[in-house]
Amino acid sequence: MSVKKYSYQMLDLFSSDENYASFRIIIVDLLNYGAASQVYAGYQTDNLVNSELTDVQKSWASVDNEEFKNIKNYDYKTIANPTARWRTSALVLDNSVMLRAKFSADNIENKTVEIICNGRTFTYTKNDFVDNGNGTYYVCCDELYADEMSDDIFLTVYENGVPCSNTMRFSIESYARIIRDNYQGSDLDKLTTAMMLYGKSARAYRG
C-alpha cells in the first residue's frame, strides 16, 4: 500500500474521532509536504499527493503562523587554536531530510565528526567524508527525526578523540529561516515551510 493510499484511508477512518485530531493533522501536513516536494522537484505536478483532500480535510492542516528561528553559530563552543573549521551548513532535500555541513582541515587522517541531537551521538569517520577540494570536506547526517526539526544540533570535528574544531550549533529550522529570508515565496521556501509544519505536527503528535 502506498503512503498516499494509507494516508487517505486513515483520514477517512478517523474523520470524526476527536481523539485522533493530532493524527489527522500530521497526515494532512505529510500530504502537503509531499506535494511541495513534488512541485520543487518537478515530479508529477499534475498529480499532487494532496490533490484529493476535501475542503474539510484541508482545514486540518497546520497554519503557518510562526517565525522560524536561525540559531546557526559556527563557533558556539570554542577551543584554543582549532585546526579544523566549519564553513557551511545546509540541507539536502531529497527522499529524506539530510543535514550537510562543510568543514576545512589540512587533512582528515585520524579525524572524526560527532553530531549530537537530543542526547543521541552520531560519529562519522574519514570514510564518510566527501572531499570537496581545496581542503574542504562534507559530512552528511540523515539520522534526524521529523519531530526534531526545531531542536539543537551540535557538530564537532575531532582528531584522535580530541576536539580540533569549534562546535557548531545548527537546526533544520535555521535552514528554513535562511531560505525564508532569501527566497520567500519560491518553491524552495514553500517546501521548507511545509517541512517545518510537518515537523511541528509530528512533535505535537509525539506529545
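Summary table below
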item	result
All lysines inside 22 Å of Lys69 as judged from Cα atoms, apart from same-chain residues fewer than 8 positions distant	Lys77, Lys102, Lys190, Lys200
Share of alpha-carbon pairs per 10 Å distance bin for the stretch 16-163, given as whole %	9, 31, 27, 18, 12, 3, 0
Derived scalar couplings ³J(HN,Hα) [the stretch 163-168; Karplus, 6.51 cos²θ - 1.76 cosθ + 1.60; whole Hz; x for Gly, Pro]	x, 10, 9, 5, 8, 8
Sites Ser59 and Asp187, calculated FRET efficiency, Cβ-Cβ separation with R0 22 Å, nearest 0.05	0.40
Separation of alpha-carbon centers, the stretch 71-121 and the stretch 145-185, rounded to whole Å	8
Ranked packing of 136-146, 179-189, most packed first, by mean Cβ within 10 Å	136-146, 179-189
Enclosed volume per residue, in Å³, of the convex hull spanned by Cα atoms of the stretch 86-207	110
Fully extended contour minus Cα-Cα distance, from Tyr20 to Thr121, at 0.36 nm per residue	33.1 nm
The chain: DSSP helices with Cα axial extent of at least 20 Å and average Kyte-Doolittle hydropathy no lower than -1.0	21-41, 187-206
Cross-link reach list, aspartates and glutamates versus Lys5, counting only Cα pairs under 13 Å and skipping chain neighbours closer than eight places	Glu52
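No lab work stands behind these numbers, since they all come straight from the coordinates. Small disclaimer: the values here were computed from a predicted structure and weren't measured. So basically every Cβ, Gly included, is an ideal-geometry build from the backbone, and we count neighbours across all protein chains shown.
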